[in-house]
Amino acid sequence: MQLSVIILNYNVRYFLEQCVLSVQEAIAVLDAEIIVVDNNSSDDSCLMMKEKFPFIKLIQNKENFGFPKGNNIGVTEAKGEYICILNPDTVVAEDTFLKIVAFAEEKKELGIIGCKLMDGNGSFLPESKRGIPTPWVAFTKIFGLYKIFPKSKLFNRYYAQHLSENQTGKVEILVGAFMFMKKNLYLELNGFDEDCFMYADDIDLSYRVLQLKKDNYYFHETTVLHYKGESTIKDELYMKRFQDAMNFFYQKHFRKSLFFSFFIQTGTIVFSFIKMFQGKSKQKTQPESYIFYSENKFLSEKLPVILKNKVVFLNFKKEKMVNSCLILKGKKTEIILDNQYVSFKKCIKIIETLKDKNITFKIFPKNTNYIIGSNSRNDRGQIIKIK
């Protein structure tokens, strides 16, 4: 078997369903499998998987083992030569894995491959590619020096700014939302370190790959939608776990000193406080108008009642999305993309192309009864039921 896609789920039933739907499309022409590991969710994630995807392997953990152990459990069941660790709050394009498998086959000392990630509003996620967060690199991140001097090698290493978001190349650290690698390499490293509950596990795994003299790559030729924040509420517990994760990584890989410990402790507190307040919900403003990009005229007539607002119907075969959106420039607009007629790849492309502070996006996944999306990378997403 070529590929095993491991999806670790925790209480994100609707995002998981959309993710699995997209992965099914993406592995259709490959010899591949999907393995869903559930970390004792309290929602009906497992019931949904059994009812809607009975032929997909589902592992139900009896407790929340955390990100590292949960994924390690999934990989032990994998049959593929390659594995992909994938977050459930992601959407992949139909050709994502075809492109990445082809890229991987060209590399001799392959470590981990990551790809271009964007949030639900189409903005590039800079953590798609990173450098090793040494004390100095962490300092440039915490105090924003990488923004002030983006071209300087001295200050731009945290987000691997030697590469643009549209440039493939070697990087040091990749993000756990999407990690593609050979299963044998993962097993050689004993997978994610289970002493780390979450947050530093992807940094640690990427770093250990480098220690084996393997090459990690950022691959820009496919974009994956990553809503972020779905499994984690950024509260006091988040702050403590983030601090513990950073301390775990530094204690494991770097020589400690009094100054080093003080700097890391201070830095992680400041950084985690920033993250916590970023995650606070802001007052949400309703869109002034909706655009339904579909071929389903009947549903377009039903949506105004559900959304309690006017909905402009765009037949995607007859009208151009870009020209239609220019008319609404400046207005708070939400675009709903009907996946029954618009591929996941095209949904991702439209979101990436039309990104604007006044435009939000939702996807209506095929064979479902809800609209799904996220208006902020620091907040939970939204689910609107279509009854």
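Return the tail of the calculated pair distribution for the range 163-231, meaning the percent of Cα-Cα pairs more than 15 Å apart.
Values: 1367 of 2346 pairs.
Pairs farther apart than 15 Å: 58 percent.
Report in % the part of the accessible area of the range 338-387 that belongs to carbon and sulfur, leaving out ligands and nucleic acids; probe 1.4 Å. Before the final figure, lay out the partial values.
Details: 1070 of 2220 Å².
Roughly 48 percent of what the probe reaches on the range 338-387 is carbon or sulfur.
Given the range 38-190 reduced to its alpha-carbon atoms as identical point scatterers, what log10 I(q)/I(0) does the Debye formula return at q = 0.11, 0.12, 0.13, 0.21 Å⁻¹?
-0.55, -0.65, -0.76, -1.41
Step through the table entries Lys297/Lys331; Lys69/Lys366; Lys151/Lys355; Lys141/Lys355, compare each Cα-Cα distance with 29 Å, and write down the pairs that go over it. It would help to have the intermediate numbers written out before the result.
Details: Lys297/Lys331 24 Å; Lys69/Lys366 32 Å; Lys151/Lys355 25 Å; Lys141/Lys355 26 Å.
Where the Cα-Cα span goes over 29 Å, the pairs concerned are Lys69/Lys366.
Please report, for the Cα atoms of the range 156-198, the Rg to one decimal and the Dmax as a whole number; what are they, in angstrom?
Gyration radius and largest Cα-Cα distance of the range 156-198: 13.2, 35 Å.
Could you compute how fast the chain diffuses translationally, taking Rh as the Kirkwood radius over C-alpha pairs and applying Stokes-Einstein at 4 °C with viscosity 1.567 mPa s? Give it in µm² per second. Can you show the working numbers first?
Values: Rh = 21.7 Å.
Using the Kirkwood radius from Cα pairs, D works out to 60 µm²/s.
For the pair Leu154 and Lys317, how long in nm is the line joining their label points, each one 7 Å along Cα→Cβ?
With each label placed 7 Å out from Cα toward Cβ, I get 6.1 nm.
Packing-wise, with mean Cβ within 10 Å as the measure, how do 104-115, 177-188 rank, highest first? Don't skip to the end; give the middle numbers.
Numbers: 104-115: 17.7, 177-188: 19.7.
Per-residue Cβ counts within 10 Å, averaged per peptide and sorted highest first, yield 177-188, 104-115.
Once label points are set 7 Å from the Cα along Cα→Cβ at both Asp356 and Lys213, what is their separation, rounded to one decimal in nm?
5.4 nm
Could you estimate the translational diffusion coefficient of the range 55-114 from the Stokes-Einstein equation, with Rh from the Kirkwood formula over C-alpha pairs, at 10 °C and 1.306 mPa s, in whole µm²/s? Before the final figure, lay out the partial values.
Values: Rh = 13.8 Å.
My calculation gives 115 µm²/s for D.
Hey, any idea what Rg/Rh is for the range 1-44, computing Rh the Kirkwood way over Cα pairs? Please list the in-between numbers first.
Working: Rg = 11.3 Å, Rh = 11.1 Å.
Here Rg/Rh amounts to 1.02.
After finding the eigenvalues of the alpha carbon gyration tensor for the range 83-122, what semi-axes result from the square roots of 5 times each, listed largest first in whole Å?
Values: eigenvalues 94, 24, 18 Å².
The equivalent ellipsoid of the range 83-122 has semi-axes of 22, 11, 10 Å.
Once you charge only the Cβ atoms, +1 for Lys and Arg and -1 for Asp and Glu, what is the size of the charge dipole of the chain about its Cα centre, to the nearest 20 debye?
Using only the charged Cβ atoms, the result is roughly 1340 debye.
How far is helix 258-278 tilted off the main Cα axis of the chain, in degrees rounded to 10, range 0 to 90?
Tilt relative to the chain: about 10 degrees.
Hey, what's the chain come to in accessible area per residue, 1.4 Å probe, Å²?
Working: 17800 Å² over 387 residues.
Heavy-atom SASA per residue in the chain reads 46 Å².
Could you sort the peptides 300-308, 72-80, 360-368 by per-residue average Cβ neighbour count (10 Å cutoff), highest mean leading? Don't jump to the answer; show the numbers that get you there.
On the way: 300-308: 14.8, 72-80: 18.0, 360-368: 21.3.
So the peptides 300-308, 72-80, 360-368, ranked by packing, come out 360-368, 72-80, 300-308.
With all protein chains present, how much of the accessible area of the range 21-167 (probe radius 1.4 Å) comes from carbon and sulfur, to the nearest whole percent? Numbers along the way, then the final one.
Numbers: 3330 of 6270 Å².
That fraction is 53 percent.
What is the ratio of the Cα radius of gyration of the range 1-122 to 2.2 N^0.38 Å, where N is its residue count, to two decimals?
Details: Rg = 14.2 Å, N = 122, 2.2 N^0.38 = 13.7 Å.
That ratio works out to 1.04.
Can you tell me the length gained on complete extension of the stretch Asn40 to Ser343, counting 0.36 nm per residue apart and subtracting the Cα distance? Let's see the in-between values first.
On the way: separation 303, 0.36 × 303 = 109.08 nm, distance 3.16 nm.
Going from the current span to full extension adds 105.9 nm.
Hey, can you rank 45-57, 204-216, 126-138, 8-20 by average C-beta count inside 10 Å, highest first?
Details: 45-57: 14.9, 204-216: 18.3, 126-138: 20.0, 8-20: 23.6.
Averaged packing, sorted descending, gives the order 8-20, 126-138, 204-216, 45-57.
The values are calculated or read from the model by the stated rules, or taken from the named source; none is laboratory data. Owing to the predicted nature of the structure, the values given are computational and were not obtained by experimental measurement. Please note: Cβ atoms are built from the backbone with ideal geometry, for glycine as well, and neighbour counts cover all protein chains shown. The accessibility values were calculated without ligands, DNA or RNA, using every heavy atom of the protein model including side chains. Shrake-Rupley method; radii C 1.70, N 1.55, O 1.52, S 1.80 Å.
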